[in-house]
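The values are calculated or read from the model by the stated rules, or taken from the named source; none is laboratory data. Computed from a predicted model, the values in this text were never measured in an experiment. Cβ sites come from the backbone with ideal geometry, for glycine too, and all protein chains shown count toward neighbours.
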Amino acid sequence: MMGEEEKKDQRAELIGLVQLVIIFAAILIGREVGDLYSSYGDMSKLSVAMRVPEEEMARYLHDTLLGTPSDLKVGLSITIPGYVGKEGEVTQTPDYVRKFLISITLSPIVVRQPEVSNITLSFYVEGVLVSNRTYPFPHEKAGFISYLNRDIDLKIENQNAFRELVSRSAAAYGGEVEVTFSGKVDANVLFLKTKLPFSTTGYPLVYPPILVLIGSGWGYINSTSSSVTEVETPTFVLINVRNPTRLHSLTENATCTIYREGTSTPVFTQTKTVTAAGGTVSTYEFLWTPKKIGTYYYTLSSTGAFRVNATTSPRLRVLQALP
């Protein structure tokens, strides 16, 4: 018969074996949970990039203004960043640790790629929602080193309201229209699900913008404006131009020509490059020194559209300088 000591030894071995199995199972379960958590982390790093060329967007809006039936294909690229350019700490693993790691990782490691499916896309013009739809797509895996490309045919039901929005925006901002795409992409890893938000805003041009002349007038040193000056006094024609767009910088050539009334030959001509950033006003001076007494006027022209002719130009009286 088995003695009490032998029974105690067997019981101890059995308990030790059970503990070892529990530890091994906990390690495997922990690794699986870790893999799943890592996969969910990869899913949270999914990036969505819009692929809507500005030229295509501008063409689509221009066709809308003309009432011409047109289609716009909106593209999305979905991927997982496969490389993080930040070096971590480099260490050397001891042999006994390496052997232990090898012993518990003999079964293959499963890499679960996140899957994406349906896309909800909202389209805004100047902050006004003109389209909001969910486009169905089958589940498909997102790659680590490649892009998953999907194309959407944009559908707008109320074309008249859409055309009115584009027309008002273009008129207010020199041909520039603010358009925003935003939405969500359904993504999941096994039973874990989320929605990946994305948004992008652009300012395409439906027609070429031009600088707007706010005003012009005569002036001289130490004075903002004047209608009377003296011979040999430095005098200038001052112009203020506004860029009606919000994003695009505009540059035009502006020419100022000064005449003395009673003659058709200009006494002064100068061309300057006039520039204004989006949403700003720029001021430029055309400096000139009168040589004779008389009444003068100027004309302004630009490669854009602003003009001042002889009729609308303010007059400047040039007097003889006092002794």
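Quick notes
- Extreme residue, surrounded by the fewest Cβ atoms within 10 Å (Cβ to Cβ), among residues of segment 133-167 that are in a helix (DSSP H, G or I) and in contact (Cβ under 8 Å) with a residue 40 or more places away in the chain: Gln159
- Taken across segment 187-200, residues that are surrounded by fewer than 13 Cβ atoms within 10 Å (Cβ to Cβ), at pLDDT 85 or above and over 27 Å from Leu65 (Cα atoms) do not occur at all.
- Verdict on Val237 being part of a strand (DSSP E or B) and under 21 Å from Thr311 (Cβ atoms): yes
- Among (1) part of a strand (DSSP E or B); (2) more than 29 Å from Gly278 (Cα to Cα), the one test that Ser122 misses: (2)
- Residues that are part of a strand (DSSP E or B) and modelled with pLDDT of 90 or more, drawn from segment 206-234: Val212, Leu213, Ile214, Gly215, Ser216, Gly217, Trp218
- Segment 52-71, subset outside any loop (DSSP other than H, G, I, E, B) and touching a Phe, Trp or Tyr at 6+ places or on another chain (Cβ under 8 Å), residue surrounded by the fewest Cβ atoms within 10 Å (Cβ to Cβ): His62
Every residue, every condition in (1) at pLDDT 90 or above; (2) under 17 Å from Leu65 (Cβ atoms), yes or no:
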| residue | (1), (2) |
| --- | --- |
| Gln92 | no, no |
| Lys99 | no, no |
| Ser103 | no, no |
| Pro108 | no, no |
| Val111 | no, no |
| Pro114 | no, no |
| Leu129 | yes, no |
| Ala161 | yes, yes |
| Ala171 | yes, yes |
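- Meets criteria (in the same structural domain as Thr295 (by TED's automatic domain parsing), modelled with pLDDT under 95 and closer than 30 Å to Leu61 by Cβ) for Leu247: yes
- Options Ile210, Ile239; residue that is crowded, with 17+ Cβ neighbours inside 10 Å, in contact with a Ser or Thr (Cβ under 6 Å, 6 or more places away or on another chain) and closer than 22 Å to Lys272 by Cα: Ile239
- Scope segment 257-303; condition more than 19 Å from Ile214 (Cβ to Cβ), surrounded by 14 or more Cβ atoms within 10 Å (Cβ to Cβ) and among the basic types (Lys, Arg); matching residues: Arg260
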